[in-house]
Every structure is written in C-alpha cells, then in structure tokens.
2 protein chains.
Amino acid sequence: MFDLQSYLKEKQKLVEKSLDESLPMGKPEKIYESMRYSLLAGGKRLRPILCLATCELMGGTDEMALPSACALEMIHTMSLIHDDLPAMDNDDYRRGKLTNHKVYGDDIAILAGDGLLTYAFEYVARETKGVPAENVLEVIKILTKAVGAEGLVGGQVMDLECEGKTDVTAEMLSFIHIHKTGALLEACVTSGAVLAGATQEDLSRLSIYAKNIGLAFQIIDDILDVTATTEELGKTAGKDLSADKATYPKLWGLEESKAKADELIESAIAQLEVYGEKAQSLKALAEFIVSRKN
Amino acid sequence: MFDLQSYLKEKQKLVEKSLDESLPMGKPEKIYESMRYSLLAGGKRLRPILCLATCELMGGTDEMALPSACALEMIHTMSLIHDDLPAMDNDDYRRGKLTNHKVYGDDIAILAGDGLLTYAFEYVARETKGVPAENVLEVIKILTKAVGAEGLVGGQVMDLECEGKTDVTAEMLSFIHIHKTGALLEACVTSGAVLAGATQEDLSRLSIYAKNIGLAFQIIDDILDVTATTEELGKTAGKDLSADKATYPKLWGLEESKAKADELIESAIAQLEVYGEKAQSLKALAEFIVSRKN
C-alpha cells in the first residue's frame, strides 16, 4: 500500500530545502527578503512534487527535476503575489500570513513578482544538470507558455473580465481555469517528463492526466472557498462569493461540482494504468487533489 | 564614412517589423492589445540594434539575433510599464503616448508586463534558429540575470529606496544605474556575441564596451531630464527633480556629467579598435548615445 502522507512529507522537505537554497540573500536586501517571504511561506508544494513524481515515473531523478520543480513554485508564488495586489484581487492573507504587499508595499510586491518570475527561468537554465540542452530549452518553452498570455496571465485577465457578470457560461469558466490553474499544473507534469526524456506517446498520455487533475483541482478550490473557513484555507474564505466571481458551485451547485471533480480524477488515473505500480505516486497525488481540505 | 542615420533607420525598420510579427493578437484580446500597445509604441530600439550589431561584428547574422533582439525590447518595454505604475513612478506619458495603465488600468498593465517578460524568454527559446541549444540557453541566462534582482529589478528597488534622500552617494547612484540601465544594455551586447559563438576574449572586450556605454547612456538620460522638454523626450521632463531622485547632474553638476559621459564613450570605443572597420556600427552607436536629443 502506497503511503501518500509519508511520500508528501519527504518530498515537501526536499522541496523546502531546495527552495531555501535556490534563492540566497543579496542586495538590495529588501527585494530578496520580499521574494523569500512569499517563496518560503509554506504551502502544499503540489506543483514541484508533481514535477518530481513525473520525472521519476519516466526514469529520471530528483536531481534532474529539482531546478524545474523550484521554478514551478517560483512561478506559482509570483502569480499569487501579483493576484493579491490591491489593483487585482486585493487580498490581505495568503497561506495564513499577510500578503506580500501588506508587508513590503505594492511597489516591492510588484518587483518581487517580477524577480521571482525571471529567476524561475534563470534557475532552470543555470542549474539543470545531466539533461541535454535541447530538453532544458523545451522545459523553458513549456514553463513560459504556461505563465504568459496563453496561460496564467490570460486566465487572470478573463477572470477579471468575468467578475460581477451574471451571464458567465461554462465555456468562459473553463477558459479561466484551463489557463489560470490548468496550464501550470500541466506544465509541472510535462516538464518533469521532458527532463527525463519521455517519448511523445508518454507525453500525450501524461498531458491528459494533467489536464484532468488541473480542472478537478480548480473545482475543489471553488468548493473549498464556499465550505472551508479562512483558518483552514490560510486565505480569505468566501472571497469568490463576495467578489461575485464565476465559480463551478455557482454554475452547477456543490454536489454536481464534487461529482464532476471525482469523474475527472477517475479519467486522470485511467491514463496511468499502463505504468502499473510505478505510477502509484501520481495516482495518489490525483486522489489527494479531490480529498484535500485546503 | 559610416552613415549612422541610414543604418539606424534600416535596422529600426527591421526591428519594428519583427516586433509586430512576434506578438500576434490572441484571446483575451485586451491583454494582447495592451502588450502590443506598449511594445509597438516606437522608441529608438537601441537595445535590439545593439544586439544585431554585435552579432554581426562577431560573424553572425540578423536572422540568428532577431528573436533575442525582440526579447530585449520586450523586457525593456515590460520594465517601463511596471515602472510607470502609480505604485512606482506614477507616470502618465511614455514615448509621447499615455502610459499603459492610463489606457488599460493598473491590473491589466501589471499583467501585460508579466506577459511581455515571460514572452521574451519564450520567444528566444522557441524562435532562435541556427544556433546551438547550449548558446541559446546561455542567452537566456544572460537575459534573466539582467532583468532579475541582480539587474533591473534590483536597480529599481535601490532607486525607490534612494528617493527623497539627501545623502545619496556616487556609489549608490552607480549601483542604481549599473543595475537599472547598464545590465540590460550589457546583455544586448553579450547576447548578440554569444549567438554568433564569440570567444571568451571577445566577450570580455565587448562587456567593457557595454558597461561604459551603459553608464554613459544613464548620465545622458539624467542630463536630458533637466535640459530637454517633455515634448522632446516623449515622457515627463524634470521628473527626476520633482521626485527628488538621485541623478548625476545633482551629484556632479551638468558640465562634469557631460564630460564624464564623453570619457566613458571614449573608453568604450577604445575596446573596439582591434576590430577595425568592422566595428564601425558599434562605434557609431556609442557616439549616438552621447549626442542623442531624447
């Protein structure tokens, strides 16, 4: 029986250590403090762990994947810092701590996001060892596509555009989440695979796995915003409702949303069958996504 | 006799066309419009041209260097968009047009900057042809280092910290400008050289050239802020003075600042002697930096 809790604990420890070492202090101190404040604020580290697990499944090592795994968390952190700004979602708490701009000011928070975003690519380019340069370039293509206007940035724009609208369709919601959450989660999986030199066939299969868990992840996020407390979430609960955001529970109701998430996870896991026992970590990670409480 | 004006005109035309083609419209339209608004707002295109000229000097072609040249302008544009935000320098005009956030709002301007920054690296990784993958990765290392906390971002933080201070030293001013302007100008030159497969010896020589023109560029920028009109500059003149910014004229006076810039350009040009006639474009570009009127 695969013990997901121990697996997560072990990998989280590895990721925390690597993140801490990835970004030593420098000058001006304030910007490094601000970048480190958000990067090392904890969290599930699901994105880096997905990258490590996929690389391992495809025959690679943690050493190969760690720079990309850290970069994925830098990118994720950067998107949270910028999304939380007063000019965007205006959030005061994140991961149970004050948001970056509440501590360092809006100007430094914008620059800390810029710094982390840039450093993610620098870190992959500079620190990836034992992987052909062509594959490292491919990973950079995957990461950049997931963050830019075709990914995270585009999703956030559509999200802002839909705020307060009463006629948000399932299609628009999908667009938001495929771009805002799905693209980066997919990048975790595909970058891990590319680092290990996966075949096109494996890549296609793992992309479907990733797309499904990405959408399930977002549905559960929307559900937790309604059902969990601020304390449980470490960020303001009920925020979607008060901001009149388009969400799955709003569109489908809570029960149908949960059923849809379960269905997506089943489809994701079906893609892993061919790998048998070796894929137990990715299978357990998929199940974790729908059972998590924050 | 080398005709700099025709050279600049020809290369500017090439860069404008390449920038326009580099970023076609997509969805959501608003973010692409906003990114294109600032990217295609004109300007001298000095950074991309420095990259093209250096690549050519080292035996490379425009085709090799164009993706990086465009990326340098995307990065420069992104830094202008974020610097102009109300949370930072709060500027209404840039290149004679309303700043990005004045047209699209602060939220979209932040995201347009994030999108351009990301796209710069994506574009280099995806579009660079005829260059070994190792060298493309090296260019990404050069670009990321120039933008992150060790470059542009760090310079802007120090700039914000020095605002309103009466005891800004020459050392602090140097830090700001080496990071805020110098790092990216140096990256233009070194990336162009790396793309063409330059030797370490050439790279060292060209780095000194670049560092010198970078500092001269900033001194002239500071001088123009005092002596030129808003119309001539296409951005608010006298802004440094009213924001009580640390500048060279404030530290040394106008005359000594100009003399220092001339001296730096002379040192820069001295590095090119070994290349003879072939380096006439880089020589002319250095001279242009101190003689420019905006």
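Here are some notes:
- The residues of the range A:225-239 that are out of contact with any helix residue (DSSP H, G or I) (no Cβ under 7 Å at 6 or more places or on another chain), outside any loop (DSSP other than H, G, I, E, B) and of a type outside the set (Ser, Thr, Tyr), listed by number, are A:231, A:232.
- Condition met for residue A:82 (within 14 Å of another protein chain (Cβ to nearest Cβ) and farther than 18 Å from residue A:107 by Cα): no
- Entry remark, the range A:142-154: residues being surrounded by 24 or more Cβ atoms within 10 Å (Cβ to Cβ), within 17 Å of residue B:111 (Cβ to Cβ) and not β-branched (Val, Ile, Thr) number 6 in total.
- Test: residue in the range B:204-219 that is more than 19 Å from the chain's Cα centre (by Cα), over 24 Å from residue B:11 (Cβ atoms) and of a type in the set (Gly, Ala, Ser): yes
- Selection status of residue A:31, among the β-branched types (Val, Ile, Thr) and either under 17 Å from residue A:117 (Cβ atoms) or modelled with pLDDT under 95 (or both): yes
- In the range A:97-111, the residues that are within 8 Å of chain B (Cβ to nearest Cβ) form no Cβ pair under 7 Å with any partner that is among the acidic types (Asp, Glu), whether six or more places apart or across chains.
- Residue match in the range A:71-78 (condition: under 30 Å from residue A:163 (Cα atoms), away from chain B (no Cβ under 14 Å), buried (at least 19 other Cβ atoms within 10 Å of the Cβ) and touching a Pro at 6+ places or on another chain (Cβ under 9 Å)): yes
- Of all residues in the range A:157-183 being more than 20 Å from the chain's Cα centre (by Cα) and not charged (D, E, K, R), the one that is surrounded by the most Cβ atoms within 10 Å (Cβ to Cβ): A:168
- Residue A:3 vs. criteria surrounded by fewer than 20 Cβ atoms within 10 Å (Cβ to Cβ) and under 23 Å from residue A:140 (Cβ atoms): no
- Qualifying positions in the range B:284-294 - assigned to a helix (DSSP H, G or I) and touching a residue at least 60 places away in the same chain (Cβ under 8 Å): B:284, B:285, B:286, B:287, B:288, B:289, B:290
For (1) among the hydrophobic types (A, V, I, L, M, F, W, C); (2) in contact with an Asp or Glu (Cβ under 8 Å, 6 or more places away or on another chain); (3) over 13 Å from residue A:79 (Cβ atoms); (4) surrounded by fewer than 23 Cβ atoms within 10 Å (Cβ to Cβ), each residue gets a yes or a no:
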position	(1), (2), (3), (4)
A:98	yes, yes, yes, yes
A:105	no, no, yes, yes
A:111	yes, no, yes, no
A:117	yes, yes, no, no
A:140	yes, yes, yes, no
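- Of all residues in the range B:24-55 being among the aliphatic types (A, V, I, L, M) and touching a Gly at 6+ places or on another chain (Cβ under 9 Å), the one that is farthest from residue B:105 (Cα to Cα): B:53
- Just one of the listed residues (B:204, B:242) is closer than 22 Å to residue B:55 by Cβ and out of contact with any helix residue (DSSP H, G or I) (no Cβ under 9 Å at 6 or more places or on another chain), namely B:204.
- Unique residue being of a type in the set (Asp, Glu) and either under 16 Å from the mean Cα position of the chain (by Cα) or crowded, with 21+ Cβ neighbours inside 10 Å (or both) when the list is B:92, B:84: B:84
- With respect to being surrounded by fewer than 17 Cβ atoms within 10 Å (Cβ to Cβ) and closer than 22 Å to residue A:151 by Cα, residue A:191 falls outside the description.
- Residue in the range A:164-185 that is more than 23 Å from residue A:263 (Cα to Cα), more than 13 Å from chain B (Cβ to nearest Cβ) and free of Cβ contacts under 8 Å to residues at least 24 places away in the same chain present: yes
- Residues of the range A:227-257 satisfying the condition of being among the hydrophobic types (A, V, I, L, M, F, W, C), at pLDDT below 90 and within 20 Å of residue A:169 (Cβ to Cβ): A:241, A:243, A:246, A:251, A:252
For (1) of a type in the set (Asp, Glu); (2) within 7 Å of another protein chain (Cβ to nearest Cβ); (3) in contact with a Lys or Arg (Cβ under 7 Å, 6 or more places away or on another chain), each residue gets a yes or a no:
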| residue | (1), (2), (3) |
| --- | --- |
| A:118 | no, yes, no |
| A:123 | no, no, no |
| A:128 | no, no, no |
| A:132 | no, no, no |
| A:148 | no, yes, no |
| A:151 | no, no, yes |
| A:157 | no, yes, yes |
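- The set of residues from the range B:263-277 being assigned to a helix (DSSP H, G or I) and either hydroxyl-bearing (Ser, Thr, Tyr) or touching a helix residue (DSSP H, G or I) at 6+ places or on another chain (Cβ under 6 Å) (or both) comprises B:264, B:265, B:267, B:268, B:269, B:275.
- Qualifying residue in the range A:187-208 (condition: touching a residue at least 24 places away in the same chain (Cβ under 8 Å), within 8 Å of another protein chain (Cβ to nearest Cβ) and closer than 23 Å to residue A:38 by Cβ): no
The values are calculated or read from the model by the stated rules, or taken from the named source; none is laboratory data. None of these values were measured; they are calculated from a predicted model. Every residue, glycine among them, receives a Cβ derived from its backbone with ideal geometry; neighbour counts consider all protein chains shown.
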